[in-house]
Amino acid sequence: MDFLPVFLDIRAQPCLVIGGGDVAARKTALLLRAGAQVTVLSPLLVPAFDEYLANGKVAHRAARFRAEDVTRYAVVIAATDDETVNREVAAAAKALRIPVNVVDQPALCSFILPSIIDRSPLIVAVSSGGASPVLARLLRARLETLIPAGYGGLAALVGSFRDQVKARFKPAERRRFWERVLQGPIAELSFSGRDQDARKALQQAIDDPRLTVHGGEVYLVGGGPGDPDLLTFRALRLMQQADVVVYDRLVSSSVLDLVRRDAERIYAGKERASHALPQEDINHLLVRLAKEGKRVLRLKGGDPFIFGRGGEEIETLMDEGIPFQVVPGITAASGCASYAGIPLTHRDYSQSVVFVTGHLKDGSMNLNWPALAQPRQTIVFYMGLVGIDILCRELVAHGLPAKMPAALIQQGTTPQQRVLTGDLATLPQIVHQAKVKAPTLIIVGEVVRLREQLKWFEPASLGVL
Ligand code: SAH
């Protein structure tokens, strides 16, 4: 280790910045964020300093640097493009053992500034020890995406309860308590900005820790249409902290692979006509697992609230008083349309889009056909494969031209994606001839024509998938 990472308290401490350019302004801003009293020494200042000078945050000394300028400062930063000045600053500061940073010259520094992810009071600092600041910045960007924006608020919240929790629980219980709080509904309340509710819930959890320390919860998570890259950050986070996952057939294996490795896996099926578990059993299974104190991930294809029966599942959870959260996912219509190069709306061709289920009930499809067969509208059928003959026939009977373009997208967004296009007259035949299988999405509308123009955007054709 070439440097010792430390976090310095410089609140209300005098700090000196030498240099008046944009780099000096950025360093000044950083020191100000940490509450320092900054003096800038430079004959001239760029306009970036105007604001700081105007509101009195920074003192300016319009002069050239002399070694005597380095006196009782907590920190000194040299940000000039004059190598001799930079050297003099470093020498003067080191003589007085004042921490000094010379921008872009690690050899002259007694400390270096890391790339930071600021979720104050939580701060993550990344340093390459001066070897490659760009690499450190790239790593920082990756970490940014992993750490929810609300972590700072959560850290502040938890900090204010620390003493209370310490007094209430033994060390082992305490750890479990905090793990539960930081990964559970209380954390999620804080992330979504409901700070007062989170505070109340945390107080309740301390007063009656049965639920937090022993109770389970359910995450109803949309796993998207197949490509794991389409998961949300929140989905991934909850997938990695679940004790057990109850998943549907629609969840792709590459998405399932991202669930915590030692989580128990329960297949809840849902193949047409041969439901592995009836819906009611799934509802009760979720309740039972949560009551055993488990963090239950109910993982669904697409979005849980779009033809996903998510509403029914949370009703049972609510009846039983089980804490839960719902995480949206990219629904098949969005995923398949994008990956097939078909925009769902288009100012010249389609002003509205409807998502409708083509699921057959007792061999028939009871839909509002006149409302569907409207001009300048895109219709997306979920579960429409078995009833393809009926749906094409009804749309034509209710006024759509037989030549209306239509597309079939099988296993959209996965490496096995297949896209077949035709029109309302030819679609049933295509399904039978090409042996199209579930899951397949059907898109009907003029927008399907645009596929020819946009085709080269298809990730598969770029060799990405
Ligand atoms: N909740 C899901 C939909 C469940 S209904 C969502 O929001 O996407 C199941 C139907 O969704 C399937 O019959 C099929 O029509 C469609 N579907 C889901 N994933 C798909 C995929 N990867 N490719 C094509 N169709 C898909």
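Quick note: the coordinates plus some simple rules give every number you see, no bench work behind them. In this text the structure is predicted, and so the values were computed from the model without any measurement. All Cβ positions, even for glycine, are placed from backbone atoms using ideal geometry, and neighbour counts span all protein chains on display.
With Cα atoms as the point set, segment 151-212 shows a radius of gyration and Dmax of 10.6, 30 Å. Separation of segment 293-358 and segment 216-241, taken as the distance between their Cα centroids, equals 12 angstrom. Within segment 217-327, DSSP assigns beta bridges of which about 10% are antiparallel (rounded to the nearest 5).
Taking every alpha-carbon pair within the chain, the share separated by more than 38 Å comes to 48 percent.
Against the chain, whose longest principal axis is taken from its Cα atoms, helix 388-397 shows a tilt of about 80°.
Sequence-distant contacts, meaning Cα pairs under 8 Å at least 6 residues apart, place the relative contact order of segment 333-462 at 32 percent. Legend: calculated FRET efficiency, ARG309 to HIS432, from the Cβ-Cβ distance at R0 = 25 Å, rounded to 0.05, equals 0.30.
The calculated FRET efficiency for the pair LYS200 and ALA156, based on their C-beta separation and a Förster distance of 25 Å, comes to about 0.95. Helix 171-183 axis versus longest C-alpha principal axis of the chain: approximately 60°, rounded to the nearest ten.
In summary, the convex hull built on the alpha carbon positions of segment 55-202 has an orientation-averaged projected area of 13.3 nm². Based on every Cα atom in segment 333-462, Rg and the maximum pairwise Cα distance Dmax equal 13.6, 43 Å. Going by the alpha-carbon gyration tensor, a ≥ b ≥ c the square roots of its eigenvalues, is segment 317-400 rounded (a/c under 1.5) or, if a/c is not under 1.5, prolate (a/b greater than b/c) versus oblate? Note, shape of segment 317-400 comes out oblate. Let me check against my output: what whole-number percent is the relative contact order of the chain, with C-alpha pairs under 8 Å and at least 6 apart? For the chain, the relative contact order is 9 percent. Normalising the average separation of contacting C-alpha pairs (under 8 angstrom, six or more residues apart) by the number of residues puts the relative contact order of segment 217-327 at 42 percent. Ranked by the mean number of other Cβ atoms within 10 Å of their residues, highest first, the peptides 217-230, 190-203 fall in the order 217-230, 190-203. What's the angle, to the nearest 10 degrees (0 to 90), between helix 195-207's Cα axis and the longest principal axis of the chain? On a 0 to 90 degree scale, this one is about 90. Distance from the C-alpha centroid of segment 413-452 to that of segment 69-104: 68 Å, rounded to the whole angstrom.
For the pair segment 19-45 and segment 152-209, the centres of their Cα atoms are 38 angstrom apart.
Length gained on full extension, ARG418 to GLN164, computed as 0.36 nm times the residue gap minus the Cα-Cα distance: 85.6 nm.
Other residues whose C-beta falls under 14 angstrom from the C-beta of ALA107 contribute a net charge of -1, scoring Lys and Arg +1 and Asp and Glu -1.
Please report the equivalent ellipsoid semi-axes of segment 14-113, computed as sqrt(5 x eigenvalue) of the Cα gyration tensor, largest first, in whole Å.
Equivalent-ellipsoid dimensions as semi-axes: 20, 14, 13 Å.
Note on segment 114-191: along the principal axes its Cα atoms extend 47, 24, 18 Å, ordered by decreasing extent.
With a cut-off of 12 Å between beta carbons, the residues surrounding GLU88 carry a summed charge of 0, where Lys and Arg count +1 and Asp and Glu -1. Of all DSSP-defined beta bridges confined to the chain, some 35% are antiparallel rather than parallel.
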